[in-house]
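Visitor: Below is a structure I'd like to ask you about.
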Amino acid sequence: GKIAAMSAEVVDSNPYSRLMALQRMGIVKDYERIRDKTVAVVGVGGVGSVAAEMLTRCGVGRLLIYDYDKVELANMNRLFFRPEHCGMTKTDAAKKTLQEINPDVEIESYTMNITTLQGFDAFKASLLQPDDPAGAASRVDLVLSCVDNYEARITINQVCLELQQTWMESGVSEDAVAGHIQLLVPGETACFQCVPPLVVASGIDERTLKREGVCAASLPTTMGIVAGMLVQAALKYMLDFGTVSKYLGYNSLKDFFPTMEIKPSAACVNGLCRQRQAEDEARRNSPEALAARA
Ligand code: ATP
Ligand code: ZN
């Protein structure tokens, strides 16, 4: 009652003041840079919608959201969507809610399947800087993959290799009790095709990939945790604080959070990945880079 009301008065009513406190406490150097960041969230299901909400509440500058699906009652065991959203596209429902939560965020919604020929081109075009004649420069700081199938991840991998775009992948296991996030920097870390995903996931995450005809389990807890891990990594990456692990797993049965490095493979099946690896090596061995290290 009274004590709560009194302590509440100590806190500025501006929602950003709690975020700016991160700066006062020395965690982040210049929190306001978040206003200049653009993040693409591909898939606004159990993980993506929560990740988009977190970024919206953090005050990100621009959010691009992608999904082809509609909200169904079956989605109500996850966070974010509400029964009144049923029948709306996930992108429209998400845009409406996110805009209400924080009108300062510019939200672009793309209702599309990114894996079709047309979808691939539209997805790539939406990430491009409008005034770049070569059509090769991305306007996005980070792409977050929150899809639930192999084909969509391969599409994101390919577009990000083409645009030299850093991205983060996320996944929740079919049995709903494990998950992971992974950082992918073209040429620098493994791409999604460098290591077969089942090998990457061995032991903790064998069944991350959706199988046809199997009714996957899902828990709002695991999805919320993975979304939190993903956005925490995104904030650390974009605002340069802490360490961003190349891979962070979550095994809820054992309360185990393994991390690992995943190096790119010289034998990757994706030729563009091999090209990016060569470019990265040339950069690392350039006179400037060698001088900087000396
Ligand atoms: P379920 O399929 O179990 O009912 P879901 O479809 O909500 O759940 P999630 O794992 O919660 O699955 O979220 C993944 C999201 O990614 C979904 O909203 C799905 O529509 C979206 N998605 C998957 N593939 C594509 C694609 N190729 N293009 C656009 N969105 C995609
Ligand atoms: Zn590769």
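The values are calculated or read from the model by the stated rules, or taken from the named source; none is laboratory data. What you see is a predicted model; the values in this text were computed from it and never measured. A quick note on method: Cβ atoms are made from the backbone with ideal geometry, for glycine too, and the neighbour counts reach across all protein chains shown. SASA here: full protein model, heavy atoms, side chains in, ligands and nucleic acids out. Shrake-Rupley method; radii C 1.70, N 1.55, O 1.52, S 1.80 Å.
Visitor: Do any trypsin sites (Lys or Arg not before Pro) in segment 11-74 lie in a DSSP loop with no more than 16 other beta carbon atoms within 10 Å, and if so, which?
Guide: Loop-located and lightly packed - 29.
Visitor: Leaving out ligands and nucleic acids, note down the accessible area per residue over the chain with a 1.4 angstrom probe, in whole Å². Could the numbers behind the result be given before it?
Guide: On the way: 14870 Å² over 294 residues.
Per-residue accessible area for the chain comes out at 51 Å².
Visitor: What pairs from 95/124; 90/124; 37/95; 90/236; 29/236 go past 22 Å between their alpha carbons?
Guide: Going by Cα-Cα distance, 90/236 fall outside the 22 Å limit.
Visitor: Any lysines with Cα under 16 Å of the residue 263 Cα? List them, leaving off those in the same chain fewer than 8 positions away.
Guide: By straight Cα distance, residue 263 reaches 246.
Visitor: Assuming 0.692 mPa s and 37 °C, estimate D for the chain with Stokes-Einstein, Rh taken as the Kirkwood radius over Cα pairs, in µm²/s.
Guide: After rounding, the answer is 163 µm²/s.
Visitor: State the percentage of accessible surface on the chain attributable to carbon and sulfur atoms; use a 1.4 Å probe and exclude ligands, DNA and RNA.
Guide: On the way: 8150 of 14870 Å².
Carbon-and-sulfur percentage of accessible area, whole number: 55.
Visitor: How big is D, in µm² s⁻¹, for segment 1-157 by Stokes-Einstein at 10 °C and 1.306 mPa s if Rh is the Kirkwood radius over C-alpha pairs?
Guide: In µm²/s, the coefficient rounds to 92.
Visitor: Right, here's the next one. Once Lys and Arg get +1 and Asp and Glu get -1 on their Cβ, which of 165, 155, 20 lies farthest toward the positive end of the dipole of segment 19-171?
Guide: Towards the positive end, the residue furthest out is 20.
Visitor: Just to be sure I follow the definition: excluding the sites themselves, where is the longest run in the chain that has none of the GluC sites (Glu not before Pro) in a DSSP loop with at most 13 other Cβ atoms within 10 Å? Don't skip to the end; give the middle numbers.
Guide: Values: sites that count: 72, 212, 261.
Looking at the chain, 73-211 is the longest stretch - no exposed GluC sites (Glu not before Pro) with at most 13 other Cβ atoms within 10 Å.
Visitor: Against the 2.2 N^0.38 Å scaling, with N counting residues, where does segment 215-267 land? I'd like the Cα-based Rg ratio to two decimal places. Spell out each step's value before the answer.
Guide: Details: Rg = 13.6 Å, N = 53, 2.2 N^0.38 = 9.9 Å.
In units of the globular-protein estimate, segment 215-267 measures up at 1.37.
Visitor: Give the separation of the Cα centroids, segment 86-122 to segment 279-294, in Å.
Guide: 40
Visitor: Moving to a separate point now. Work out which helices of the chain, taken as complete DSSP H runs, extend at least 24 Å along their axis over the Cα atoms and score a mean Kyte-Doolittle of 1.0 or more, then list them.
Guide: The answer, listed by residue number, is 220-239.
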